[in-house]
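To start, the structure itself, in structure tokens.
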Amino acid sequence: MLYYLFDYLDKHFNIPGAGVFQYISFRALGATVLSLFIAATYGKWIINFLRRQQVGESIRDLGLEGQMEKTGTPTMGGFIILASLLVPVLLFAKLTNVYIVLLIITAIWTGLIGFIDDYLKKFKNNKEGLHGRFKIVGQVGLGLIVGLTLSFSDHVKIRIYEQPLLSSTIGEVQRYKDIVHPTVTTLPFFKNNEFDYRTLLFGWLPEEYTWVIYTILAIFIITAVSNGANITDGIDGLAAGISGIIALTLGVLAYLSGNTKFSQYLNIMYIPNSGELVIFCAAFVGACVGFLWYNAYPAQVFMGDTGSLMLGGVIAVVALAIRKELMIPILCGVFLSELVSVIMQVSYFKYTKKKFGEGRRILLMSPLHHHYQKKGIHEAKIVTRFWVVGIILAIFTLATLKLR
């Protein structure tokens, strides 16, 4: 909203300084500062409100050190992240941008799914919360919206230049063509790294059905990443910290993909209007860091499914929007390892129980962070080490821009 106000003031009244809102860097900085301010200032108020509503976490005794001490800690703290994210985005971003609209819908949609789950647990005494199949239905619905929008919107396009930009040609005008409804994505580690989803049709279906493949992939990615973030949210500060690292990396990738000179120089696809996602990612990072003020060990509040499902959903959609979804296994490696650890543990337990009559386990406990807790490592140290791993994966993801 502020973008349009200051744009109007600049064009019609020529007010000094009003034009600064045209710069993505300035608006991203403003979004970060505001999100941090909202989280730090109003987070305590939200925590006190949740405590008055007796929205305390019920803890099952799993034999983990310090676990039962967390009983009664307010949950649904995801509202702190949502407020800290959406308010700066609404103020600083271009609200007519298709990617911003898509991400606002994503944040509200996944936050609502998580809220219903938390609400059923806390106010309806339903220990299971929202049934898994209904969560999947909600995630599939969002995947359909995202997949179809990115497949058919006339505002979604990529720009292909005739040749990569060389250092000696920076600033020169090059020939290009805009491809509307693109079917390509970035394939890491390969030169001229553009993978066309049309190849997955194998000639069995006409090319116009590529949207089916892409939409199915979008559904899978959104479901996997949001559930991965949900499972990672098991100890103080883990999910919020990892999400902040991932969002910062995606913000860098969005800036490079939305800048004509950098995208040409790095020989990556230029995505018009995707630079606006930098504002969203900046607010996202600020919201995660601000939430850590209260969620770091020992946590004063838990984000609940209201926050964790939203974090994963937003990360997945940003990656899809900038055509970097095939980098998710690297960038979201912590989420992936947590999710895979649960799948492996449950599958192996069922298999051995059926074969030997007694279920056996691969890990001491799943998800993976609980395995390390069972080994006697303090949860604060586990979180710090997982953050370090997340930073290494983020650096490696950015390195793929040159490692081909």
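The values are calculated or read from the model by the stated rules, or taken from the named source; none is laboratory data. Please read these numbers as outputs of a predicted model, since none were measured by experiment. Quick reminder, even Gly has a Cβ in these numbers, built from the backbone with ideal geometry, and neighbours come from all protein chains shown. Each accessible area value is taken on the protein alone, full model and side chains, heavy atoms only, with ligands, DNA and RNA left out. Shrake-Rupley method; radii C 1.70, N 1.55, O 1.52, S 1.80 Å.
Which residue is least open to solvent (accessible area, probe 1.4 Å), if the candidates are limited to segment 1-53 and must be more than 24 Å from the chain's Cα centre (by Cα) and of a type in the set (D, E, K, R)?
Per the criteria, the residue is D7.
Restricting to segment 337-376, what's the tally of residues that are within 19 Å of A224 (Cβ to Cβ) and not in a helix (DSSP H, G or I)?
Going through segment 337-376 one residue at a time, the tally reaches 2.
Find the helices (runs of 4 or more DSSP H) located wholly in segment 223-329 whose residues include 2 or more that are open to solvent by less than 10 Å² (accessible area, probe 1.4 Å) and in contact with a Ser or Thr (Cβ under 8 Å, 6 or more places away or on another chain), and list them.
238-257, 277-295, 304-321
Do any residues in segment 377-404 that are more than 13 Å from I235 (Cα to Cα) and assigned to a helix (DSSP H, G or I) have Cβ atoms under 8 Å from those of residues that are of a type in the set (S, T, Y) and open to solvent by less than 60 Å² (accessible area, probe 1.4 Å), where the two are at least six apart or on different chains, and which pairs are they?
Pairs that qualify, where the first residue is more than 13 Å from I235 (Cα to Cα) and assigned to a helix (DSSP H, G or I) and the partner is of a type in the set (S, T, Y) and open to solvent by less than 60 Å² (accessible area, probe 1.4 Å), are A394/T249; T397/T249; L398/T249.
Scan segment 233-262 and report the pairs whose first residue is farther than 16 Å from I395 by Cα and whose second residue is of a type in the set (G, A, S) and open to solvent by 30 Å² or more (accessible area, probe 1.4 Å), with Cβ atoms within less than 7 Å and a gap of 6+ or a chain change.
Once the first residue is farther than 16 Å from I395 by Cα and sits in segment 233-262, its partners that are of a type in the set (G, A, S) and open to solvent by 30 Å² or more (accessible area, probe 1.4 Å) give D236/A296; G237/A296.
Give the residues of segment 335-358 that are surrounded by 15 or more Cβ atoms within 10 Å (Cβ to Cβ) and not aliphatic (A, V, I, L, M), sorted by residue number.
F335, S337, E338, S341, Q345, Y348, F349, T352, listed by residue number.
Which residue, of I216, I245, is among the hydrophobic types (A, V, I, L, M, F, W, C) and within 13 Å of the chain's Cα centre (by Cα)?
Within the list I216, I245, the selection yields I245.
Within segment 382-400, can one find any residue that is surrounded by fewer than 12 Cβ atoms within 10 Å (Cβ to Cβ), at negative phi and modelled with pLDDT under 90?
no
Okay, residues lined up against (1) among the aromatic types (F, W, Y); (2) more than 25 Å from L103 (Cα to Cα); (3) touching a His at 6+ places or on another chain (Cβ under 6 Å):
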residue: F302; (1), (2), (3): yes, no, no
residue: Q345; (1), (2), (3): no, yes, no
residue: I362; (1), (2), (3): no, yes, no
residue: L401; (1), (2), (3): no, no, no
